[in-house]
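The values are calculated or read from the model by the stated rules, or taken from the named source; none is laboratory data. Keep in mind the model is a prediction, meaning the values are calculated, not measured. So basically every Cβ, Gly included, is an ideal-geometry build from the backbone, and we count neighbours across all protein chains shown. The protein model used for the area step is the full one, side chains on, heavy atoms only, and it has no ligands, DNA or RNA in it. Shrake-Rupley method; radii C 1.70, N 1.55, O 1.52, S 1.80 Å.
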Amino acid sequence: MQRVWVVVLSVWAVLAIVAVLAWSSRPAAPAPQLASQQVLVKGANGKQRLVVLKAPAHATTSTSAAVRP
Amino acid sequence: MSPLARIEWRAVGTTCSAAATTTFGQEAAAQLALTAAQDEVAACERELSRFDPGSGLSRLNAAAGDWVQIGPRLREALRLALRAREETAGRFDPTVLPALVAAGYDRSFDLLEERPAERADGWHRGASIEVDEQRCLARIEAGAAVDLGGIGKGYAAGRALDAMFEIAPRIRGGLVDLGGDIAVRGDAPGGGPWRIAVADPRRPGETLAILALAAGGVATSGRDARRFGPHRSLHHLIDPETGESALAGPLTVTAVAPDAAQAEAAATTLAIASLTEAETFVTVRPELSALYVPHSGPPIPLGRPPFEPQRFVVKAA
């Protein structure tokens, strides 16, 4: 009987370790203020369409204008 | 999660920014990287500005005809400018300064006063620039003067980006933007390439395209800004063939290259090129691509600009 309990506890211990490892090394989420978002929108005709929302750019290139005081 | 550290300041006659992609626990290193970028831009400006009478470039111009001791940044920027002049067969020429000054662009842009354009006496294209790399000496032809404005900014952007990675090698990515001359490397926040918007010169505040760039440089040149002279009829793009504000060329052109200095040299060259000339220029240089925006009609991609795919809004029915 004691051996059964040892096996049960060992299995639980292994599961707990796996859960902790999975939680701590989860993939990085994109920075929310810069990531693009995809939203399913239901149109007037009932059809669903995927809307890809533009993410803001990190920088803008243009002909360099002078600094305004 | 990969946070973004960012700084914005004014230098080199424009608005500058630097950004670093970092990880949790590395925020201090990211701040160090941003400070290093700022310091490097300041160091470049001290050597390369033609508006600072104490800069290395101003001393070189003032002593035209004589050998002058120069700093390592000016030496490198001169080397890049000379290479660009050679590679563009003189279409990019850092010695157009006397023609630019004669046209009226004789002080920092925000201090310009209106006066009629003149022609530079005795100016000729392709004035000689000699650089003794070993001894850090340079000499320009008597009567000539050098302007490293555009390529100097591109060079400074690249140097500043290098400085960020030197002082904080563990940052995951970096971006330096000197008034539209942009250098990037590594990951943007959230992973993937940096997204660079190309401003629409015809509709202020609008974007023409988004470029996705993991490494390299971007620069835009054109005649939509920095106009001056009578009725704002002149612009800062001097055609080395004539010594006057260029007639041919697009409204703007954005060039993408392996580094920001090359991108700036390419943009300056393409900005005074007809569409046919621009197509030929990019075709024979596979490392370059560009977005050529004519005065009217749609923008024209040259080469294969790294447009960000599938980033448009699909309107729901």
_Per DSSP helix of 4 or more residues, -39500 (n - 2.57); summed, then divided by the residues of chain B. What does that give at 222 nm, rounded to the nearest 500?_
-9000 deg cm²/dmol
*asked:* Given Cβ point charges of +1 (Lys, Arg) and -1 (Asp, Glu) and nothing else, what value in debye, to the nearest 20, does the dipole of chain B about its Cα centre take?
replied: 660 debye
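With contacts defined as alpha carbon pairs under 8 Å and 6 or more residues apart, what's the relative contact order of chain B in percent? Working shown, then result.
Values: 700 pairs, mean separation 55.1, N = 317.
Computed over chain B, the figure is 17 percent.
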*Charge context of B:GLY152, other residues only, Cβ under 11 angstrom, K/R +1, D/E -1*: -2
*According to a simple spin-label model (label point 7 Å from Cα along Cα-to-Cβ), what is the distance in nm between B:TRP9 and B:ASP132?*
3.5 nm
_Summed residue charge, Cβ within 12 Å of B:ALA183's Cβ, Lys/Arg positive, Asp/Glu negative_ = -3
*Which cross-chain or sequence-distant (5 or more) residues have an amide H under 5 Å from the amide H of B:ILE70, H modelled 1.01 Å from N in plane?*
B:LEU137, B:ALA138
*Residue-averaged beta-carbon neighbours from other chains (10 angstrom radius) around B:243-255*: 1
*Counting only protein heavy atoms and using a 1.4 Å probe, what share of the accessible area of chain B belongs to carbon plus sulfur, as a whole percent?*
52 percent
*With a ≥ b ≥ c the root eigenvalues of the C-alpha gyration tensor of chain B, is it rounded (a/c under 1.5), prolate (a/b larger than b/c) or oblate?*
oblate
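Tell me, which longest segment in chain B has none of the chymotrypsin sites (Phe, Trp or Tyr not before Pro) that fall in DSSP loops with at most 16 further Cβ atoms within 10 Å?
Details: sites that count: B:PHE24, B:PHE51, B:TRP67, B:PHE312.
Between exposed loop sites, the widest span is B:68-311.
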*Total Å² of accessible surface buried at the B-A contact, 1.4 Å probe, nearest 100?*
3000 Å²
